[in-house]
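The values are calculated or read from the model by the stated rules, or taken from the named source; none is laboratory data. Treat the numbers as computed from the prediction; the structure is a model and nothing was measured. Cβ: placed from backbone, ideal geometry, glycine included. Neighbour counts: every protein chain shown.
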Amino acid sequence: MAIQYLKKAAKTSATGEDETRRIVAEMLAEIEAGGEETARAYGEKLDGWTGDIVVGPEAIAAAAAKVPAQLKDDLKFAYDRVRGFAEKQKQSIQEFETELSPGLWAGQKLIPMAAAGCYVPGGRYAHVASAIMSIATAKVAGVENVVACSAPHKGHGGIHPAILYTMDLCGADHILALGGVQGIAAMAFGLFTGHKANILVGPGNRFVAEAKRMLFGRVGIDLFAGPTEILVIADGAADPKIVAFDLVGQAEHGPDSPAWLVTTSQKLAEDTMALMPGLIAALPDVQRTAAEAAWRDYGEVVLCDTDEEAASVSDDYAPEHLEVQAANLDWYVDRLKNYGSLFVGEETTVAFGDKCSGTNHILPTKGAGHYTGGLSVHKFIKVVTTQRATRDANRDVAAVTARVSRLEGMEGHARTGDVRLEKYFPDESFTLAP
């Protein structure tokens, strides 16, 4: 395989992790010990917020009045598609019961979680779409108590009005004006609402991601997440302008957001790289600063000889967002295995999925696409199993259980089969040793 790195990243997703873990561990311990007052104190210290933590109906109504009609229509457009996709996902899995052998019945039940915590970023950008992706999906799943939180700002008088309006539109049952680790902790520990989250979902900065990671086990999480990623597979038929715009579009997320190009065309690679500095320079100040650092430190361009090499490289990266802009689209769709969400052809792009087209934008990063997909309605539903059996079915099942248990050295298990055979078939003899 002749794979060349025309541009290699100077940093990796692990850069700076140790310090992040130390800070988050201290904060979580303090908030768990100190409760609501400590969470409130962190909110004041980090966000400068001294107002109400629990957002009431008056604040929600005031926020709605500030949202322009066109934006409300756009949010409804996105909500309808995300909700519709989630409904189809829910329909794809069903409860059932089946007879595995005469008299032995087994099945599965679908039980929504009682409470979910949905984190909505509200720092550098007002991520209204993240509210839709998490809250609407949880409600379609049937979660009874959806607690949402986002960072408040003095300039907005609390949570950004559009975020707050969207949270309410999507059906959040409780809304907290808390961001960062303190918001995650409040939802996990049931502060301010009395509802401890069974699962924590939603994107955030490295501190939010680390807080979720540390709490995993005590609560479920959507996935182990890091900074957002994009990988574009392109060949000589691709438009370098489209490719470059899509790479820049994700790089603006933050200074540690990887943007990767894998291509079978050296000309496409060179043309795209030549366009990147100008497109980044044309962004507004905040976005330009983020994109410059992201492309400089985390951007990569990989040149491959064949489509198979390009697909293999992409599968090794397991990118969060994967775009394919190539002549052989159907081949790539069939071949590619590891990614969070796939965007096929130049007519679609990551931003469509991020904002409104219907698929969920809370996706695996840092290689997690090797073993999981992104947030779906299924993440909020427990798939549990049931079993029932007739007495006649015990003739085989209890005897096999006893023999297998004794082979494993688990005599107590074996005797639970023995006792049923003795009760149900007192006149029969069974071989109960392996």
query: Does the range 120-141 contain at least one residue that is over 18 Å from the mean Cα position of the chain (by Cα) and part of a helix (DSSP H, G or I)?
result: no
From Gln108, Gln89, residue being farther than 30 Å from Ala393 by Cβ and modelled with pLDDT of 95 or more: Gln89
query: Could you say whether any residue in the range 226-247 is of a type in the set (D, E, K, R), at pLDDT below 95, within 19 Å of Pro121 (Cβ to Cβ) and not in a strand (DSSP E or B)?
result: no
message: Can you pull out every residue in the range 281-295 that is over 17 Å from Val243 (Cα atoms) and not acidic (Asp, Glu)?
response: Pro284, Val286, Gln287, Arg288, Thr289, Ala290, Ala293
task: May I ask you to verify whether Lys90 is basic (Lys, Arg) and surrounded by 17 or more Cβ atoms within 10 Å (Cβ to Cβ)?
output: yes
field: Selection status of Leu191, within 24 Å of Gln325 (Cα to Cα) and touching a residue at least 24 places away in the same chain (Cβ under 8 Å)
entry: no
- prompt: In this structure, does Lys66 turn out to be out of contact with any strand residue (DSSP E or B) (no Cβ under 7 Å at 6 or more places or on another chain) and either closer than 29 Å to Ala136 by Cα or buried (at least 18 other Cβ atoms within 10 Å of the Cβ) (or both)?
  reply: yes
task: Count, please, the residues in the range 61-110 that happen to be outside any loop (DSSP other than H, G, I, E, B) and farther than 30 Å from Ala131 by Cβ.
output: 11
